[in-house]
Amino acid sequence: MRTDGDTWDISTSVGSTALFVAAARALEAGRSTAVAVDPFAEVFCHAAGGQWAALMKGLAPQHKLHSEFGERFVDFQAARTRYFDDYFLAAARSGIRQVVLLAAGLDSRAYRLGWRDDTVIYELDQPRVLEFKRTTLADYGAAPRATRVEVPVDLRDDWTQALCDNGFDRTAPTAWITEGLLIYLPADGQQKLFAGIDALSAPASQVAVEESVPMNAAAFEAAKQQERAAGEDGTFFTLVYNEQHKPAAQWFQERDWQVSATPLPGLLTALGRPVPAVDSAAGQMTGNITLVSAIKPR
Ligand SMILES: C[S@@+](CC[C@H](N)C(=O)[O-])C[C@H]1O[C@@H](n2cnc3c(N)ncnc32)[C@H](O)[C@@H]1O
């Protein structure tokens, strides 16, 4: 159950979704056919302990990520990680030196991608989530490969002010990302997020967005009931707002950004991964997701 102004750490509420996707990335990294390798994902899971560490040690065969749905979820994370890694590498090659990870969670790109000199990466998320990432990777002996600036903030609040207060340069082109975030924001929060990105973007800035079409209201209520009945309250559907302000492609196009939209099923096929049947739970998830990237004209 979400409330205005609710907070969390890495193991609770929306914070634990960062561990769920990190665990999926860790499982992908262990596949011989991996299309994206995040070597730090496993480190986070071990540090979090409990089900996450057990999963890494092969001691959780019943874990959701080992179900048929879970296998397809790992494919989804693999494709999404690869898409956004490629986006950032291209943005860096184009000369961009300022990066903003909105809802950074356990995104380890500041630590693992080959950034150009002088790159500054701003990471926005709730304070305890950012702290877990920083301390876990410091204990592991990993250092960021760019200047990493934490901006602890709730993205339903005035995050643009917090970003500027932490040194963001609104005259420099920026590469933004919103990955695994929009479903956890109400529609007006999504609108404010896009408006904030547009307002702070100098010409030649870029944005990459993962978004999904909301479920119909009846199916969403049923999924929440099912989650509660299974004793899994607060794991996924009960955390999601299931609202959409306006599709990202349309929103940014209307403001003259050059937009490219990639539906997830096509990307999975291109990467040699199966597209789950439309009538399966994994198929319903996959079919609704689009990865969008856009460039603001010079
Ligand atoms: C599914 S995780 C995705 C994390 C990361 N982008 C990734 O793909 O690995 C969702 C993240 O969104 C963050 N988040 C969701 N709503 C937020 C809010 N209102 N303010 C700050 N962070 C938020 C959570 O703390 C969590 O880290």
Mind checking whether some residue in segment 213-220 is in contact with a Phe, Trp or Tyr (Cβ under 6 Å, 6 or more places away or on another chain), not in a loop (DSSP other than H, G, I, E, B) and not hydroxyl-bearing (Ser, Thr, Tyr)?
no
Any hit, segment 108-119, residues being within 25 Å of THR262 (Cα to Cα), within 12 Å of the ligand (Cβ to nearest atom), of a type in the set (Phe, Trp, Tyr) and crowded, with 20+ Cβ neighbours inside 10 Å
no
Go through segment 37-55 residue by residue and tally those that are more than 16 Å from THR12 (Cβ to Cβ) and aromatic (Phe, Trp, Tyr).
1
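Tell me, which helices (runs of 4 or more DSSP H) wholly within segment 1-104 include 1 or more residues that are away from the ligand (no atom under 16 Å from the Cβ) and over 29 Å from SER293 (Cα atoms)?
Details: elements: 15-29, 41-48, 50-56, 68-93.
Those helices (runs of 4 or more DSSP H) span 41-48, 50-56, 68-93.
Please tell me if LYS192 is part of a helix (DSSP H, G or I), among the charged types (D, E, K, R) and within 10 Å of the ligand (Cβ to nearest atom).
no
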Give me the residue from segment 244-291 that is touching a residue at least 60 places away in the same chain (Cβ under 8 Å) and assigned to a loop (DSSP other than H, G, I, E, B) and, out of that set, surrounded by the most Cβ atoms within 10 Å (Cβ to Cβ).
PRO276
Would you check which residues across segment 14-36 are charged (D, E, K, R) and either surrounded by 23 or more Cβ atoms within 10 Å (Cβ to Cβ) or farther than 19 Å from SER67 by Cα (or both) and list them?
ARG25, GLU28
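Laboratory data are not the source of any read-out in this text; all were calculated from the coordinates shown. It should be emphasised that the depicted structure is a prediction, and the values quoted were computed from it without experimental measurement. Here Cβ is always computed from backbone atoms with ideal geometry, including for glycine, and neighbour counts include all displayed protein chains.
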